[in-house]
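**Student:** What follows is a structure written as structure tokens; I'll ask about it next.
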Amino acid sequence: MAKRRWTSALRPAGQVLWNMILIALGSVLCAAGINGILIPQKFLAAGFTGVALIFHYVAPSLQVGVLYFVLNIPLYALGWKYVGRRFFLYSLAGVFIFSAALAWPYGMFPVHDKILSAILAGIISGVGSGIILRSLGSAGGLDILSIILMKRFSVRLGSTILGFNALVLLIGAVFFSLENSLYTLVYIYVSAYIVNLVVTGLSQRKAVYIISPQWERITREIQEKVQRGVTIVRGQGGYTGQEQQILYTVITFRELSILKQLVSSIDPDAFVVVTDTLEVMGHRIGNQPHW
């Protein structure tokens, strides 16, 4: 009994430590991309980091890390009400860590071509941001603002991020350099693409529809070999008017090839539709946000 109590007590502590390591590692990578590439090239960045860089370029004596931390203070005053407590606390720690990482001196990366610099910065920051988002928190900034606007005014996350970043790029183009704003756009695109790879990766969920006369056998095989649930929907052919059974299941990306081989071996003529999912909630297969 004593050993079991110790194990249960250590489990939350280990989880906290792991999440803090993810936030710290991701913050260091993001800060390296900003201090080592973006600032020497006079590029901007997405989110509140971009706002901090604008103030820094106007007044170089203002440190980016300090500016980022100050910009987050009013957000966290509001975020306590609208954001989940666990996500809020981890993100609060993330702001401290990321701000400190930005204040640490980094050497300039030996890449002088601007387009290559934008791509490299996007890769580094994308990996760093993805690692942070794999934790139970974030580094604050636009993540918190997006959640607040979504829960308070039903504004979609993508709309907030797109609108905010467009405003940052517009300010950069008007007051600094249109060319550098376009390079920043390349950086943002590459970073967003890498974030998707790191966060979803091979765990992305797929929704699959299957129409086949062998639906009963396919259902059993999916349940036994893929070990996923199957929903049977009654349908009717629009041309033939015949009743058909439509199978619906949600699987991970890694299970997709197994499922396709399974269906093909039973009925090579089966009609199969595979679609991406934005969010899935439910036991075992869910990937809903942790905030």
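**Student:** The conditions are (1) more than 19 Å from Ala46 (Cα to Cα); (2) of a type in the set (S, T, N, Q); (3) under 17 Å from the mean Cα position of the chain (by Cα), and Ser154 fails exactly one of them. Which is it?
**Tutor:** Result: Ser154 fails condition (3) only.
**Student:** Does the range 228-271 hold any residues that are under 25 Å from Leu197 (Cα atoms) and in contact with a helix residue (DSSP H, G or I) (Cβ under 9 Å, 6 or more places away or on another chain), and which are they?
**Tutor:** Arg228, Thr249, Ile251, Thr252, Phe253, Arg254, Glu255, Ile258, Leu259
**Student:** Something else: Looking only at the range 151-161, how many residues end up being part of a helix (DSSP H, G or I) and either under 22 Å from Phe98 (Cβ atoms) or among the charged types (D, E, K, R) (or both)?
**Tutor:** 5
**Student:** Within 30 Å of Ser264 (Cα to Cα), modelled with pLDDT of 95 or more and of a type in the set (S, T, N, Q): is that true of Thr200 in this structure?
**Tutor:** No: the conditions fail for Thr200.
**Student:** So, one more: Condition test on Ile210, is it farther than 19 Å from Ile34 by Cα, in contact with a Leu (Cβ under 8 Å, 6 or more places away or on another chain) and not assigned by TED's automatic domain parsing to the domain that holds Gly79?
**Tutor:** For Ile210, the condition - farther than 19 Å from Ile34 by Cα, in contact with a Leu (Cβ under 8 Å, 6 or more places away or on another chain) and not assigned by TED's automatic domain parsing to the domain that holds Gly79 - is met.
Conditions tested, residue by residue: (1) among the basic types (Lys, Arg); (2) more than 30 Å from Phe87 (Cβ to Cβ); (3) out of contact with any strand residue (DSSP E or B) (no Cβ under 9 Å at 6 or more places or on another chain).
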| position | (1), (2), (3) |
| --- | --- |
| Ala101 | no, no, yes |
| Val111 | no, yes, yes |
| Ile115 | no, yes, yes |
| Ala118 | no, yes, yes |
| Ile124 | no, no, yes |
| Gly130 | no, no, yes |
| Leu136 | no, no, yes |
| Leu142 | no, no, yes |
| Lys151 | yes, no, yes |
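**Student:** Return the pairs, sorted by first residue and then second, in which the second residue is assigned to a loop (DSSP other than H, G, I, E, B) and modelled with pLDDT under 85, the first residue lies in the range 267-280 and is hydrophobic (A, V, I, L, M, F, W, C), the beta carbons are less than 8 Å apart, and the residues are 6+ apart or on different chains.
**Tutor:** What qualifies is Val280/Gly286; Val280/Asn287; Val280/Gln288.
**Student:** Sticking with this structure for a sec: Any chance the range 39-55 includes a residue that's in contact with a Leu (Cβ under 8 Å, 6 or more places away or on another chain) and over 24 Å from Ile131 (Cβ atoms)?
**Tutor:** yes
**Student:** Say whether the condition of being in contact (Cβ under 8 Å) with a residue 40 or more places away in the chain, under 21 Å from Asn35 (Cβ atoms), β-branched (Val, Ile, Thr) and exposed (fewer than 15 other Cβ atoms within 10 Å of the Cβ) is met by at least one residue in the range 91-106.
**Tutor:** Taking every residue of the range 91-106 in turn, none turns out to be in contact (Cβ under 8 Å) with a residue 40 or more places away in the chain, under 21 Å from Asn35 (Cβ atoms), β-branched (Val, Ile, Thr) and exposed (fewer than 15 other Cβ atoms within 10 Å of the Cβ).
**Student:** Out of the range 18-51, which residues are closer than 23 Å to Val174 by Cβ and without any contact (Cβ under 8 Å) to a residue 40 or more places away in the chain?
**Tutor:** Selection gives Ile39 alone.
**Student:** Considering only residues that are among the small types (Gly, Ala, Ser) and either closer than 20 Å to Tyr189 by Cα or not assigned by TED's automatic domain parsing to the domain that holds Val64 (or both), which ones fall in the range 129-139?
**Tutor:** Of everything in the range 129-139, those that are among the small types (Gly, Ala, Ser) and either closer than 20 Å to Tyr189 by Cα or not assigned by TED's automatic domain parsing to the domain that holds Val64 (or both) turn out to be Ser129, Gly130, Ser138, Ala139.
Conditions tested, residue by residue: (1) touching a helix residue (DSSP H, G or I) at 6+ places or on another chain (Cβ under 9 Å); (2) of a type in the set (S, T, N, Q); (3) touching a residue at least 12 places away in the same chain (Cβ under 8 Å).
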position	(1), (2), (3)
Gly140	yes, no, yes
Ile148	yes, no, yes
Arg152	yes, no, yes
Arg156	yes, no, no
Ile161	yes, no, yes
Ala166	no, no, no
Asn180	yes, yes, yes
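**Student:** Oh, and also: For the structure I just gave you, tell me whether Ile115 is among the aliphatic types (A, V, I, L, M), in a helix (DSSP H, G or I) and surrounded by fewer than 17 Cβ atoms within 10 Å (Cβ to Cβ).
**Tutor:** yes
**Student:** Kindly provide the set of residues from the range 79-127 that are basic (Lys, Arg) and more than 19 Å from the chain's Cα centre (by Cα), ordered by number.
**Tutor:** Answer for the range 79-127, where residues must be basic (Lys, Arg) and more than 19 Å from the chain's Cα centre (by Cα): Lys81, Arg85, Lys114.
**Student:** If you take the residues in the range 58-78 that are within 23 Å of Gly126 (Cα to Cα) and of a type outside the set (A, V, I, L, M), which one is surrounded by the most Cβ atoms within 10 Å (Cβ to Cβ)?
**Tutor:** Tyr68
**Student:** Can you pull out the residues in the range 222-263 that are under 21 Å from Met281 (Cα atoms) and exposed (fewer than 13 other Cβ atoms within 10 Å of the Cβ)?
**Tutor:** Correct list: Gln227, Thr231, Ile232, Val233, Arg254.
The values are calculated or read from the model by the stated rules, or taken from the named source; none is laboratory data. Worth saying up front: this structure is predicted, and the values here are computed from it rather than measured. Every residue, glycine as well, gets a Cβ built from its backbone with ideal geometry; the counts of neighbours run over all protein chains shown.
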